[in-house]
1. Test of understanding: among ILE126, ILE100, ILE110, which residue is open to solvent by less than 40 Å² (accessible area, probe 1.4 Å), within 26 Å of LYS284 (Cβ to Cβ) and at pLDDT below 95?
2. For the structure I just gave you, tell me whether LEU57 is open to solvent by less than 10 Å² (accessible area, probe 1.4 Å), among the hydrophobic types (A, V, I, L, M, F, W, C) and in a loop (DSSP other than H, G, I, E, B).
3. Could you grab me the full set of residues in the stretch 60-81 that are part of a strand (DSSP E or B), more than 18 Å from LEU34 (Cα to Cα) and in contact with an Asp or Glu (Cβ under 9 Å, 6 or more places away or on another chain)?
4. Among residues belonging to the stretch 235-280 that are free of Cβ contacts under 8 Å to residues at least 12 places away in the same chain and among the aliphatic types (A, V, I, L, M), point out the one that is least open to solvent (accessible area, probe 1.4 Å).
5. Is one or more of the residues making up the stretch 34-47 within 12 Å of the chain's Cα centre (by Cα) and in contact (Cβ under 8 Å) with a residue 60 or more places away in the chain?
6. Is it the case that SER6 is at pLDDT 90 or above, among the hydroxyl-bearing types (Ser, Thr, Tyr), out of contact with any Gly (no Cβ under 6 Å at 6 or more places or on another chain) and open to solvent by 60 Å² or more (accessible area, probe 1.4 Å)?
7. Considering the stretch 9-49 alone, what residues qualify as being buried (at least 18 other Cβ atoms within 10 Å of the Cβ) and either more than 19 Å from ALA157 (Cβ to Cβ) or in contact with a helix residue (DSSP H, G or I) (Cβ under 8 Å, 6 or more places away or on another chain) (or both)?
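The values are calculated or read from the model by the stated rules, or taken from the named source; none is laboratory data. Remember, it's a predicted structure, so these values are computed and weren't measured experimentally. Here the Cβ positions follow ideal geometry from the backbone for every residue, glycine too, while neighbour counts run over all protein chains shown. Surface accessibility is based on the protein's heavy atoms, side chains included, excluding ligands, DNA and RNA. Shrake-Rupley method; radii C 1.70, N 1.55, O 1.52, S 1.80 Å.
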Amino acid sequence: MVKKHSGRIIKSLSGFYDVQTEEQVITCRARGHLRRGQIPLVGDLVEISEEKGKGMLEQILPRKNCFVRPAVANLDLLVVFAANVNPVTEPFLIDRVAAIAGDQGVEVCICINKCDMDAGDDLAQIYRSAGYTVIQTSAETGLGVEELRRQVEGKFAAFTGNSGVGKSSILNVLDPELRLQTGEVSEKLGRGRHTTRHVQIYKIGTDSFIADTPGFSSFDTDQMEVILKENLQYAFPEFGAYIGKCQFRDCTHRKEPGCAVTEALAEGKICKSRYESYLRLYEKASQIKQWELK
């Protein structure tokens, strides 16, 4: 007898999908039409069938958002992990991930970890002044962990960030029963090993769900989505007060005279590193041809 279920994909590995239903977790393969079309992602809400203990993924329900890296769908919150020590996070990595999330209307929280070694106050100030929620944490001391717990409460969140910043370590503090593998950071290379190999959702408390994702490096940013250049200004929250106040309606906030954004930059109201990230992302977006987006 074939049974029908609704659920959410909580793990994807080698063509198999673990789907959490109301009653249990069912491992599924995907129907051929799904393998040829829309690729199932962790976080997808799906319809499945089950027969003799074997599951089949039948349909992916409409998504409210989805991402290439991390490969996840239907997020309420993206927590971008960074550190100012061992390894030091390049601000551009934070800026690109945060902009991609902002472009899809997903709430972003910046989590500066390893604050027992370096508080990262300057990094924190950059993102607080840009309008983001910033939490400074330490898996060693427990600093900021309860604040982070309140931030993810009742939401489906994903933890992302460069390798070695301690995403899994913080998850282990949020729920010690998880016992996730963590890795040391190479002193020679200054970067961490990829201890998280795939995206997987964990339930924290009664109503919070967190996707732990593989760490990335600066080289991986080329695999991420590119925001349309005309939309990019809206993905930088600190630009919001100045959009529409430039001399030219189609101002790109680069070299135009009478630009309210560059005037705010000159007055110190917009952080230089954030503006430089905007320019880098604009340049990438300008190289994309319209036919490539179809």
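1. Going through ILE126, ILE100, ILE110 in turn, just one is open to solvent by less than 40 Å² (accessible area, probe 1.4 Å), within 26 Å of LYS284 (Cβ to Cβ) and at pLDDT below 95: ILE100.
2. Answer is no for this residue.
3. Hits for the stretch 60-81 are LEU77, LEU78.
4. LEU265
5. No, the conditions are met nowhere in the stretch 34-47.
6. The answer is yes for SER6.
7. The answer is TYR17, VAL19, ILE26, CYS28, ALA30, LEU34, PRO40, VAL46, ILE48.
For every residue, the table says whether it meets (1) out of contact with any strand residue (DSSP E or B) (no Cβ under 7 Å at 6 or more places or on another chain); (2) not polar (S, T, N, Q).
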{"residue": "LYS11", "(1), (2)": "no, yes"}
{"residue": "THR21", "(1), (2)": "no, no"}
{"residue": "VAL25", "(1), (2)": "no, yes"}
{"residue": "CYS28", "(1), (2)": "no, yes"}
{"residue": "ARG31", "(1), (2)": "no, yes"}
{"residue": "LEU41", "(1), (2)": "no, yes"}
{"residue": "SER49", "(1), (2)": "no, no"}
{"residue": "GLY53", "(1), (2)": "yes, yes"}
